[in-house]
C-alpha cells in the first residue's frame, strides 16, 4: 500500500532562484524503509523536510495517504529528526525536551515524564533524562532528538543522517532499533552500510534530481554508478 508519493516536485528556497530539487517523483510503501543517498549538497535534506511537511513544494504534489501533504492531519502524522539535533533540544532537561510534544497535546506532567523516560529507554538513553542538552555528546543529542519524535508515535519517521554522530556501538543499536520500529521510514544517509542494513529501497539523488532508484542491494554494489554521483561502495561490499 502506497503511503507517500512525490509527484514531479520542484523546490526553490527563493522566488526565481534555480531549483534545489527538480522533477522529483517516487513513492514509499507503507511500513517500508526507503533511504535517500547522495553527495553533500545534492538536495537530500530539502527532500526530507518536504516529506515531513516542514517545507512546501514550489511545484508538484506530495501525497500522503491519498491527501495533499500540507493538510494538518498529514503534518501531525510525520516526525523528523534533523541532522543537527541542537535544532530540536531547547528545554532545561532532556526529559522535558522529549515530553514537549505530548505535553502540548494535553498529557499530564506525570504521564508525560513516564512516557519520556520510556522513549529514552527505547534509544538506550534514559541515563541522560535529567541532564541539560549542553552537557551531552553529539550522539546523545541525536538519541534524545529521536526519542522526542518516537514519543509522538508518528506514522512516518523522517531521519536526516541518523548515524552521523554515533560511535560503533550506538550505531549498531540504532540499526536494531530502526529494524524494530513499525512505521514508514524515510532516511537520508551517507552511511551506505547503514542503508544496506535497514533499507528496502534506495533513491539516489544527484544535483537535485533522482539519478536512479533500486531495491537493496541493487545499485549499492555498482562501483561505477556510485562514483558517477560522488559516492563510494559500502565498506562491507569491499570485503
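The values are calculated or read from the model by the stated rules, or taken from the named source; none is laboratory data. From a predicted model like this one, the values you see are computed outputs, not experimental measurements. Positions of Cβ are backbone-derived with ideal geometry, glycine not excepted, and every protein chain shown enters the neighbour counts.
Residues considered: 98, 102, 158. Of these, the only one that is at pLDDT 90 or above, touching a helix residue (DSSP H, G or I) at 6+ places or on another chain (Cβ under 9 Å) and in a strand (DSSP E or B) is 158.
So if I check each of 228, 236, which one is surrounded by fewer than 20 Cβ atoms within 10 Å (Cβ to Cβ), more than 15 Å from the chain's Cα centre (by Cα) and in contact (Cβ under 8 Å) with a residue 40 or more places away in the chain?
236
Filter segment 18-50 for residues that are more than 20 Å from residue 178 (Cβ to Cβ), part of a loop (DSSP other than H, G, I, E, B) and in contact with a strand residue (DSSP E or B) (Cβ under 9 Å, 6 or more places away or on another chain) and give the result. Of everything in segment 18-50, those that are more than 20 Å from residue 178 (Cβ to Cβ), part of a loop (DSSP other than H, G, I, E, B) and in contact with a strand residue (DSSP E or B) (Cβ under 9 Å, 6 or more places away or on another chain) turn out to be 19, 20, 39, 42, 43.
Scanning segment 92-104 for residues that are under 23 Å from the mean Cα position of the chain (by Cα) and touching a residue at least 24 places away in the same chain (Cβ under 8 Å) yields 94, 95, 97, 98, 99, 100, 101, 102. A count restricted to segment 21-43 and to residues that are farther than 14 Å from residue 212 by Cα and buried (at least 22 other Cβ atoms within 10 Å of the Cβ) stands at 4.
Kindly indicate whether residue 193 is farther than 30 Å from residue 13 by Cβ and at pLDDT 95 or above. So residue 193 does not fit the description; no. Might you check whether a residue that is surrounded by fewer than 18 Cβ atoms within 10 Å (Cβ to Cβ), modelled with pLDDT of 90 or more, assigned to a helix (DSSP H, G or I) and in contact with a helix residue (DSSP H, G or I) (Cβ under 9 Å, 6 or more places away or on another chain) occurs anywhere in segment 135-143? Yes, some residue in segment 135-143 is surrounded by fewer than 18 Cβ atoms within 10 Å (Cβ to Cβ), modelled with pLDDT of 90 or more, assigned to a helix (DSSP H, G or I) and in contact with a helix residue (DSSP H, G or I) (Cβ under 9 Å, 6 or more places away or on another chain).
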